[in-house]
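Some notes on the structure that comes next.
The values are calculated or read from the model by the stated rules, or taken from the named source; none is laboratory data. What you see is a predicted model; the values in this text were computed from it and never measured. Every residue, glycine among them, receives a Cβ derived from its backbone with ideal geometry; neighbour counts consider all protein chains shown. For the accessible areas, the whole protein counts, side chains as well, though only heavy atoms, and no ligand, DNA or RNA atoms are used. Shrake-Rupley method; radii C 1.70, N 1.55, O 1.52, S 1.80 Å.
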Amino acid sequence: MKTNSHAEIFNALFKPKTIAVVGGSENKNKPGGKVLANIVEHHYNGSLQVVNPGGTYVMGLPTCSSVVDLPATPELAIIAIPASRVAEALDQLGRKGTKAAVILSAGFGEKDEQGKQEEKRLASIADNFGMTIIGPNCSGFMTPHYSGKFAGIIPELKPHSIDFISGSGATVDLVMEQAVLRGLSFCNVVNVGNSVQTGVEDLIALYDKNYGTEGSPILMLYLEGLKKPDLLLKHARSLTKKGCAIMAIKSGISESGARAAASHTGAMATDDKAVQALFDKAGIIRVQSKMELVDVACVLLATGGRLNGNRACVITDAGGPGVMLTDELERQGLTLPVLKAQTQTRLRQILPPEAAVANPIDCLPSRAPSQVREIFRTITEEEAENIDVLAIQVGNPGMSDNTEIYKEVGHAMQTSPIPAVPTLSSVSTCTRLIKGFTDQGNFYFTDEVNLGRALGKLLGRPRVFETSEDVQDYDRAGIEMIVKGCSGPLPAKAVKNVLENAGFIFPPQDEAASLNELKKICDAIGYPLAMKILGPLHKTDLGGVRLNITTAENAEQAWKELMSIKGAHGVMVQKMVEGTEVILGASRAEKIGHLVMFGLGGIYTEILKDVRFGLAPLAVQECRDMLTGIIAYPILQGSRGQEGISVDILAGYLERIGRLVYDFPAISEIDINPLKGAGSNLYVIDARIIMDRYTP
C-alpha cells in the first residue's frame, strides 16, 4: 500500500492541481452538476476533468465515460454518483493513484445498516491505496483554489480570514450566512459528512502539520462526536501555540450521559465537564450556538486574538443600549475605568453639556461625524495605556445620515491602537448603509449584549500551559510497588501509602481492629480524636464518623456504635485537625483521560457543586486557575478572622493528583475529601482510591 505524505494529502485536498468530477453534468439541480458549475464559475485555475457516461461535453468540458478513461491522474476526485456505484469508482481512482476524494453521494450509514457496511467497504478501499476520503454524504470542500461544494452559500473565499471544519453541512451554511452578512470572510471550509475514514480531528491534525504563513488566524469547529480526543488535544494545542485561535461547538452533550460513580468526583464529572476540560487544555474557546461562533470571530479579528487586559470604554449614542452594554461587560469580568480628568475635559469641549464623558461616553442622538471622529482621537491619544478595548454602540436616531458616522467607526476599527468593536443596531433602516460598511472590510454586531458576552469569551480564552516533568517528593516507583496487581477499592493503609508517596501529608493516625488496640492508639495519638469506620465507602452516609472524641470513655462508646454498622471491620483513629475543608479528586472520562476536580470539601460538595475541573496532567498555572475559579475562593483566602489556606500548597497538591492519575491510568476514581487545615499545614483527612487491575 502506498502511503502519501501529509503534505501531499494536504495539497490534494486544499490546493489540487488536477480535479476530476465523477458524475458532473449539465443539470445544476443535481449535486454533480451544481458542484461542477461552482468550480467552473469560481475560477478554478487547475486542470478540470469530468466523468459522465452520457455525453461528450459538459459545461464546455470534454467528458470521459468512466474513471478508467481519464487522460491524467487527478490529485483530487469529487464523487457525485449514486451510492451503489461509488465503491467501483473509488477503486478505479485508487488504481490510478488519486491521492484524495470528496464523496458527496448520500445513501450510506445515515440511511441503514447496509449503508454502514458499504461505508466500511469505502474506507477499506481508500486505506488499501493510501487514499484520503472526505465523506460520504457531505456538502463539499472549499478553498481559495476551488469551490468544491454543491449546496448552500458559496461566498468569496479570502486567504488569512476564517477556516471552518464541521461535522454538519447545514451548520456550515447557516453560520456562513450570518457571518458574511455581518462582514466576515472565509478561507477553507470543509464538511466531513459521515467521516468514514477522515473526521474533524483527522483534518485538524492535517491542518496543523501544514499550518504556516498561509494559515488562517481563526479556526471554527463543529463536532457532534469525539472519536479521537487525543488527536484533537495534541493538534489544537499545537495550533494555539502557532497563533491560531480555535473556537468550537460540541453538540450531543447531556447530564444523562453521567455514569453512576462511587466517588464525589465521579458523580460530578459529567460528559459535558469532560469536554470543557479537554477544550480548556487544548486552548479552544467553547461556544454553544452558531451565532456565538460569529460573535466570537468578530472580537477575535478585532483584537488580534486576545485582550491585553479587562478595561473597556463604552461609546454610545443611546442611554439604554449603553447601560445594557455596560452591565454585560461587567458581568463578563470587564471593568469600565473612569477616564482621566484631561480626557474628560477634552470630551466636554467636543460634546454638549448634557453628554456623559466619564465612561461610558454617551455622545447623544445628536452626534455628528466630526464629534465621533474627535472622540476616537481623544481616547486613543489620552487613554491608550488605560483602555484595552472600545465597545461602540451606534443606532439611527434619524437626526443625520449615518453614512459618515459609519465611516468614522470603520476608520477607528482599522487604525485605532485600541481594538474597536461596533454594534450597529439599526439593521432595518440602515440596511444599505451597513452593506457599504461591510464592503469596506468591516464587521459588526447587531446587539450590544452579545458584544459584551463575546468579549467575555475572549477575556476568558483558555491558555496553553506546559506541565512539569519533575514533581518534588513524588515517588513513582514507590507508588507502583503498592498498586501493582490491585483492583477495586484500595484498603485504607494502601490509600495512605499511595498518597504519601505522591507527596501528601496525613495527620497522626492508625487503624484499630480490636478494643484493646483502640485504647493503645488513642493514648499514643492523644485527644481530641476522630474515629471513622473501616469497610464501607461512604462513611458519612452510614453514620460512620465520630468527631471531637475527648476521653477514653467517649472512644469506647464510639467503637461500639461504629462496629455495629454492617460491613465494619475496624476503625481508623485520627488526630483532629481544625481549619477549612476542601476536596481534591480525579475521575477517568472515557477516551478523554482523567478529570481532576477541586472545590470546597465536606458533605455539601455535591449539593453546592462549586467545583472546577482540569484534564490531567496539570501545569501549576492550571491548578491556580482551578483554585481561583470557584465562587468560594475568598473563603480559601481567609474570612471573618479565620486563617486561610496556602494557595501554593493547594496548587501543588492538585499538580500531584494530576500526575498520579496520569502515571497510573488504572486509577478509575480518587477522592481526597476533605483535605483540611490552615496556612501551609494541610492534611488528608479522608481519602479513597478505586482501581482497575494495574499491571506495569
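A few notes on this one:
- Residues of the stretch 106-116 that are open to solvent by 10 Å² or more (accessible area, probe 1.4 Å) and either within 16 Å of residue 138 (Cβ to Cβ) or assigned to a helix (DSSP H, G or I) (or both): 106, 107, 109, 110, 111, 113, 114, 116.
- Any hit, the stretch 256-279, residues being in contact with a helix residue (DSSP H, G or I) (Cβ under 9 Å, 6 or more places away or on another chain) and at pLDDT 95 or above: yes
- Residue check, residue 83 under 26 Å from residue 111 (Cα atoms) and touching a residue at least 40 places away in the same chain (Cβ under 8 Å): yes
- Residues that are open to solvent by less than 60 Å² (accessible area, probe 1.4 Å), part of a loop (DSSP other than H, G, I, E, B) and in contact (Cβ under 8 Å) with a residue 40 or more places away in the chain within the stretch 38-62 comprise 44, 46, listed in sequence order.
- Matching residues, the stretch 290-341, being aliphatic (A, V, I, L, M), assigned to a loop (DSSP other than H, G, I, E, B) and either modelled with pLDDT of 95 or more or within 23 Å of the chain's Cα centre (by Cα) (or both): 307, 334, 336, 338, 339
- Look at (1) out of contact with any helix residue (DSSP H, G or I) (no Cβ under 7 Å at 6 or more places or on another chain); (2) more than 23 Å from residue 410 (Cβ to Cβ) and you find that residue 397 fails only one, number (2).
- Of all the numbered requirements in (1) in contact (Cβ under 8 Å) with a residue 40 or more places away in the chain; (2) touching a strand residue (DSSP E or B) at 6+ places or on another chain (Cβ under 7 Å); (3) surrounded by 16 or more Cβ atoms within 10 Å (Cβ to Cβ), residue 487 misses one, and that requirement is (3).
- Selection status of residue 85, in contact with a Phe, Trp or Tyr (Cβ under 8 Å, 6 or more places away or on another chain) and either hydroxyl-bearing (Ser, Thr, Tyr) or open to solvent by 40 Å² or more (accessible area, probe 1.4 Å) (or both): no
- Selected residue (only one of 682, 618 is surrounded by 22 or more Cβ atoms within 10 Å (Cβ to Cβ) and part of a strand (DSSP E or B)): 682
- For the stretch 510-523, the criterion of being within 25 Å of residue 646 (Cα to Cα) and either open to solvent by less than 40 Å² (accessible area, probe 1.4 Å) or at pLDDT 95 or above (or both) is met by none of the residues.
- Answer from 692, 686, 663 - the residue that is at pLDDT below 95 and within 18 Å of residue 502 (Cα to Cα): 686
- Cβ-Cβ under 6 Å pairs, at least 6 apart or on other chains, the stretch 110-138 side in contact (Cβ under 8 Å) with a residue 60 or more places away in the chain, far side of a type in the set (Lys, Arg): 130/2
- For the stretch 660-679, residues that are assigned to a helix (DSSP H, G or I), buried (at least 24 other Cβ atoms within 10 Å of the Cβ) and touching a helix residue (DSSP H, G or I) at 6+ places or on another chain (Cβ under 9 Å) total 1.
- Every residue from the stretch 539-577 that is within 16 Å of residue 527 (Cβ to Cβ), over 46 Å from the mean Cα position of the chain (by Cα) and among the aliphatic types (A, V, I, L, M): 549, 552, 555, 558
- Of all residues in the stretch 15-35 being assigned to a helix (DSSP H, G or I) and touching a Leu at 6+ places or on another chain (Cβ under 9 Å), the one that is nearest to residue 65 (Cα to Cα): 32
- Selection status of residue 26, among the acidic types (Asp, Glu), more than 36 Å from the chain's Cα centre (by Cα) and either at pLDDT 95 or above or surrounded by fewer than 18 Cβ atoms within 10 Å (Cβ to Cβ) (or both): yes
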